[in-house]
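*Asks:* Input: one structure, supplied below.
Where a number appears in this text, it was derived from the coordinates with a stated rule and is not lab data. Since the structure is predicted, the reported quantities are computational estimates derived from the model, not experimental observations. Neighbour counts run over all protein chains shown; Cβ positions are idealised from the backbone, glycine included.
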């Protein structure tokens, strides 16, 4: 088991990429705290993997503090923090996205990484190291029209990842980002907008969308000792679309 007895938090764990990551971590021996706003599905995932569930808005400082506190109270430490929760706007012209929607996207996709760092970096420094994984997107590496503000939020997440890795390296804290292409998650219809799935798949050299398992496998490797010398990476899980 690659993560035996390690403790991890996975945000957005009720569905999609987060659910798959939480399940894969638990299968590899990790103690997992599943965080989400969807209590019904989040508790279901946590119960099925033998983990813990916490209701958490990742853009709220008090919720983030309680989330990290639960992990420490239950497991005594935190080895891996997966900042996976994310939202988008529907694929449409940039000027049609309202200010309130813009603010919420940056709160969830960007500010949440900052809020998590405030709580987990001191903890990881004290325990001698740790691993932070941020779910970014190919949208932050190769942006396209229609998702401008979402693209920008994921670009910020990638830059934050690289800067955090450089600053936290001396503390033995590794920070990496996973950059999936669009996948079969609840956000897919918003990403596609008026485009068809077949048309989008045609832009991917390997001919399909990303699966949640693709992302979970990448997240497992980045959290494992096999990746102990890997930090500051924006890791594409995209079937070659970024080429």
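*Asks:* At 0.36 nm per residue, minus the direct Cα-Cα distance, what do residue 196 and residue 162 gain on full extension? Give it in nm, one decimal, please. Mind showing how you got there, number by number?
*Replies:* Details: separation 34, 0.36 × 34 = 12.24 nm, distance 3.36 nm.
Here the answer is 8.9 nm.
*Asks:* Given 0.36 nm per residue, what is the gain on full extension from residue 37 to residue 243 after removing their alpha carbon distance, in nm?
*Replies:* Net length gain for the segment: 70.6 nm.
*Asks:* In nanometres, what is the gap between the two model label sites at residue 48 and residue 77, each 7 Å from Cα along Cα-to-Cβ?
*Replies:* With each label point 7 Å from Cα toward Cβ, the separation is 3.0 nm.
*Asks:* If you don't mind, another one. How would you rank 47-56, 215-224, highest first, on the average number of other Cβ atoms within 10 Å across their residues? Don't jump to the answer; show the numbers that get you there.
*Replies:* Details: 47-56: 18.4, 215-224: 22.2.
Highest-to-lowest ranking by the protection proxy: 215-224, 47-56.
*Asks:* Continuing with the same structure: R0 = 22 Å: FRET efficiency of residue 4 with residue 123, Cβ-based, nearest 0.05? If you can, show how the numbers build up before the last one.
*Replies:* On the way: r = 20 Å, r/R0 = 0.93.
Efficiency computed from Cβ-Cβ geometry: 0.60.
*Asks:* If you don't mind, another one. What order, most packed first, do the peptides 101-112, 199-210, 177-188 have when packing is the mean number of other Cβ atoms within 10 Å of each residue?
*Replies:* Output ranking for 101-112, 199-210, 177-188: 177-188, 101-112, 199-210.
*Asks:* Could you give me the percent of Cα pairs per 10 Å distance bin for the stretch 7-227, shortest bin first, beginning at zero and ending with the bin that holds the maximum distance?
*Replies:* Each 10 Å bin holds this share of Cα pairs: 8, 35, 37, 16, 3.
*Asks:* Working from Cα positions, state the angle (0 to 90°, nearest 10) between the long axis of helix 16-27 and the longest principal axis of the chain.
*Replies:* 30
*Asks:* A further question on this structure: Taking the number of other C-beta atoms within 10 Å as the exposure measure, put 23, 197 in order starting with the fewest.
*Replies:* Starting with the residue having the fewest Cβ neighbours, the order is 197, 23.
*Asks:* Where does each of 212, 190, 153 land when they are ranked from fewest to most other beta-carbon atoms within 10 angstrom?
*Replies:* Taking fewest neighbouring Cβ atoms as first place, the list is 190, 212, 153.
*Asks:* In addition: For the stretch 158-179 and the stretch 185-214, what is the separation of their Cα centres, given in Å?
*Replies:* First find each Cα centre; the distance between them is then 28 Å.
*Asks:* FRET efficiency for residue 213 and residue 96, Cβ-Cβ distance as r, R0 = 35 Å, nearest 0.05?
*Replies:* Efficiency computed from Cβ-Cβ geometry: 0.55.
*Asks:* Another question about this same structure. Quick one: in the stretch 1-131, what % of C-alpha pairs are over 23 Å apart?
*Replies:* Summing the P(r) of the stretch 1-131 above 23 Å gives 31 percent of all pairs.
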